[in-house]
Amino acid sequence: MKTWGKIRAKEFFSLKSPSEAVTPIIGSLLMLIVLVALAGVVAISFSNIANEGKSTQPLMAKISLESCEGGLSPNNYDEDEKEDKKRARFQENKIVLVHEGGDSLPLDSISIKIFGYGNSYRPVFGQDFLTGNTSLLYLDLSSQGKNDTCYDLNNKATLEDGSWNVGEKLVLCGQDSEIGATKSSVKVSVDGDSNTSDNYGFKAGSEITLKIIDTKSKNVIAEQRAIVKHYEG
């Protein structure tokens, strides 16, 4: 009987309580949940890094300058300039660019800079024109802040989807600046003086330098030089 009692006592004390049996299971589940959460965090981090790298990738495209024609705009108060046959109105100054390959260029994040010898109208009495080294900037290529009868009309097909795509042309005109109270997205300065109406003309026979820039990455997508041909009508 003593032996039997010892055996029963041993069995009684060797049995685990329900809480002791459940604890390892809960621990395993918690570890599994933590591992799944960590895997999710790692996956999201890699995805964000990949997307960030993609979004900051510089745009690349082949842009050719198909034609460049125009002339200094005539000053009606100067008889000598009126006799110069190599002159043209602002709207007769045109530069045609062609997208020949590479990335589609979003119009709202592409700018164009042009340098050359030209002139612009100055809205100050007695100083109607400024002539000299002309710096021209298109802040973007969208229709915002531009003359709808020049820029929008010349680039209707390119403006439709908000991107400058392969095969499409972009026409820049000396009268692309916004007319009226709306702030122009075309900026023109002559010899450092930006008090102009933001219209422009370049001297026929002179050379201009044109740069197309990705404003987000500051990368120069294309750079072209051209001799301005006299506008023939």
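Just so it is clear, none of the values below were taken in a lab; they were calculated from the coordinates. The structure presented is a predicted model; accordingly, all values stated were derived computationally and were not measured. Cβ sites come from the backbone with ideal geometry, for glycine too, and all protein chains shown count toward neighbours.
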field: Shape metrics for region 148-233, restricted to C-alpha atoms - Rg then Dmax, Å
entry: 14.5, 39
- prompt: Where the only charges are on Cβ atoms (+1 Lys, Arg; -1 Asp, Glu), what is the dipole of region 99-233 about its Cα centre, to the nearest 20 debye?
  reply: 340
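Under 1.5 on a/c is rounded, so check that first for region 96-147, then, if it is not, pick prolate when a/b is larger than b/c and oblate when it is not; a ≥ b ≥ c are the square roots of the alpha carbon gyration tensor eigenvalues. Write out the running numbers ahead of the final one.
Working: a/c = 3.75, a/b = 2.10, b/c = 1.78.
Prolate is the answer for region 96-147, as a/c is 1.5 or above and a/b outweighs b/c.
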- prompt: Residues with beta-carbon under 10 Å from that of Ala226, excluding Ala226: net charge, scoring Lys, Arg +1 and Asp, Glu -1?
  reply: -1
statement: Two pseudo-spin positions, 7 Å from Cα along C-beta at Asp108 and at Val34, lie apart in nanometres by 4.6
query: Going by average Cβ neighbours within 10 Å, how do the peptides 88-96, 199-207 rank, with the highest at the top?
result: 199-207, 88-96
message: I want to check a number: in region 118-233, how many lysine pairs have alpha carbons closer than 20 Å, given a sequence separation of 8 or more or different chains?
response: 15
query: For the peptides 106-113, 31-38, what is the packing order when you average, over each peptide's residues, the other Cβ atoms within 10 Å and list the highest mean first?
result: 106-113, 31-38
